[in-house]
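Let me begin by presenting the structure, written as structure tokens, before commenting on it.
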Amino acid sequence: MTCRLVATALALTGRRNFAHLGHALYTGLVKIALAQINPTVGDFSGNASKIINFSRRAQASGAGLVLFPELSVCGYPPRDLVERPFFVSRNRETAEQIAAATRGISVICGLVTPAQSQTGKSVMNSAALLMDGKIAFVQSKMLLPTYDVFDEMRNFAPAKSQALFPLSGNQAALTICEDAWNDKLFWPKRLYTVDPIEALIRAGGNLVLNISASPFWIGKRELRRDMLASIARQHKVPVAMVNQIGGNDSLVFDGSSFVLNAEGTVIARASSFEEDMIYFDSQSLSGELHPQIEGEEASVYAALVLGTRDYMRKCGFQKAIVGLSGGIDSALTAVIAADAVGPQNVIGVGMPGPYSSPGSIEDARTLAVNLGVRFELLSINCAYEAYRKTLQNVFAGKQEDVTEENIQSRARGTLLMALSNKFGAIVLSTGNKSELGVGYCTLYGDMVGGLAVISDVPKTLVYRLSRYVNSRRPVIPRATLEKPPSAELRPNQQDSDSLPPYEILDAVLEDYVEDAHSAERIAVDRSFDPELVRRVIRMVDRAEYKRQQAAPGIKISPKAFGYGRRFPIAAKNEA
């Protein structure tokens, strides 16, 4: 059946003949599997191999149907790759190969399909039911998000209609991620005028299947569960959601797939931040409950490790380089790197300068020993003096200022990138969200690198994560945790010389960056000095040019810096 014929057959009105789907879909599919896998964007052969292997495992365990995440055939998010005809055709070819290799079990997986649309968008975000060696049914996504990191309206045409299909005595409503995120009883303000779930239930649906690629951020797992539980209770239907896991660029997907009964109770649950497969009985509504990572610090740390590992692996890097200053940010970054790719694949580099304290050098060395990573000590003093000598005539008569501080930082950046070139290793930059937010960082200096591991982690959370790390195994030196933070670029420098206390700074950044509150509201709500709040906001706005030149970071908050927060550089903010 061609995509056009399938699409024509799936109008919501009128009766459909599903005899071609086979008798098993009506009565035989009791045990259903949810397979949360870690696909790579564009890796069709690798993704197909995962889908086939998990499908065979599910079949061997007695399942009649296995569900895979959104766009699992091609990986999510494919972004503008969908504009390439070869990429689109490979989706169809790969789905057909999977269908031929998984006879004996029905498979639902996500893929890109051609659109029959007048919108100008040539493709759709779809789900395919593979059965008896063929593509038997195709359902396309109706709600295409355009907020935060999502820009699906740029790439896809929305489905105009959706249909049910028979499954083990049920009428199954197959939905794709955002299609389930518009329940009028859950959201105080809806983003779309239609609710695909409501329409499919009204048409007779009594089992909701949702395939997702829903990224992680703090609180997201609880939000997903509460939202889908509201749908289950409201419509009195079971809901099964399978979610992607893994890191793709800045996004981390946590998996955490689950099944709810009609009362909204979780009856099956997969692990978080790892590939997993769970089973549930579609008639008795019983299933497996796998343990998940609990707690904010543990969850964020797992997300950062997974995001770092997958970014390196999927980009072809085996080794990482981290500049170790003896401070808390570089310490946490190094621990994450060692957990992500193994300590044998991490190089820690101490780069003392004219104002580095002996304690900081020793803390960096101790951390490296505790982690078991290679440690190199490269002084920047000679390079710094060479820069000063080169510039002394043109700087004649000028007082020393932040210029000389930044030269030290950039000398370190040059050394790190030289090591990166020589050893084919990726530099992991160590700046946190608080610093990046207000521009307390140096372009082409401490900002160099291929991945900004903790750029979405506020300084206060950096300390919490570091204490969590040490609660498992004490690797970060106590002095690193206890000493006042400092860039050590001038005598006796401390971060507090330039910034408000981090407890105050992080609160202002949360309200302004994540919640878009005004300076006046922040000052009143937090009982902060209004001028201090306005100063922080001015720093945030002025640093936009730096952030848009920064390495990509791993998103763990509802609003991270990066392509999910799109602000002009040349702009005046009079708020």
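Data overview
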| quantity | calculated |
| --- | --- |
| Per-residue Cβ neighbour rank within 10 angstrom, fewest leading, Leu130, Leu443 | Leu443, Leu130 |
| Three-way shape label, segment 500-542, alpha-carbon gyration tensor, a/c 1.5 | rounded |
| Acute angle (nearest 10 degrees) that the helix 44-60 long axis makes with the longest principal axis of the chain, alpha-carbon atoms | 50 degrees |
| Prolate/oblate/rounded label for segment 110-232 (Cα gyration tensor, a/c 1.5) | oblate |
| Val149, Val300 arranged by Cβ crowding within 10 Å, fewest neighbours leading | Val149, Val300 |
| Ordering of 494-501, 395-402 by burial proxy (mean other Cβ atoms within 10 Å per residue, highest first) | 494-501, 395-402 |
| Selected from Ala229, Gly204, Ser214, residue furthest toward positive end of dipole (segment 176-237; charges at beta carbon) | Ala229 |
| Whole-angstrom gap from segment 400-479 to segment 208-242, using each part's C-alpha centre | 36 Å |
| Length-normalised contact order for the chain - Cα pairs under 8 Å, 6+ apart - percent | 11 percent |
| Calculated from backbone phi, Karplus (6.51, -1.76, 1.60) coupling profile of segment 155-169 in Hz, x at Gly/Pro | 10, 10, 8, x, 5, 8, 7, 9, 9, 8, 9, x, 8, 6, x |
| Cut-off under 5 Å, modelled amide H: who pairs with Asp276 long-range | Gln36 |
| Efficiency of FRET between Ser527 and Glu93 - r from beta-carbon atoms, R0 60 angstrom, step 0.05 | 0.45 |
| Leu419, Leu167 arranged by Cβ crowding within 10 Å, fewest neighbours leading | Leu419, Leu167 |
| Helix-derived mean residue ellipticity, 222 nm - over the chain, DSSP H n ≥ 4, -39500 (n - 2.57), to 500 | -11000 deg cm²/dmol |
| Share antiparallel - DSSP beta bridges, the chain, percent rounded to 5 | 55 percent |
| Furthest towards positive pole of dipole, Ala425, Ile98, Val252, structure part the chain, Cβ charges | Ile98 |
| For the chain, the spread of Cα positions along each principal axis, largest first, Å | 86, 50, 44 |
| Calculated FRET efficiency for the pair Glu376/Arg154, C-beta based, R₀ 45 Å, to 0.05 | 0.55 |
| Degrees, to the nearest 10: 381-391 long Cα axis against longest axis of the chain | 80 degrees |
| Förster radius 30 Å - calculated FRET efficiency between Thr146 and Phe86, Cβ distance, rounded to 0.05 | 0.70 |
| Nearest 10 degrees, 0 to 90: helix 459-472 Cα axis against the chain principal axis | 80 degrees |
| Added length on full extension, which subtracts the Cα-Cα distance from 0.36 nm per residue, Arg538 to Ala262 | 94.4 nm |
| Integer Hz, Karplus 6.51/-1.76/1.60 couplings in order for segment 487-497, x for Gly and Pro | 7, 6, 10, 8, x, 6, 6, 9, 4, 5, 5 |
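We did not get these values from a lab; they are worked out from the coordinates using the rules stated. Please read all numbers here as calculations on a predicted model, not as lab measurements. With ideal geometry, Cβ positions are generated from the backbone for all residues, glycine too; neighbour counts draw on all protein chains shown.
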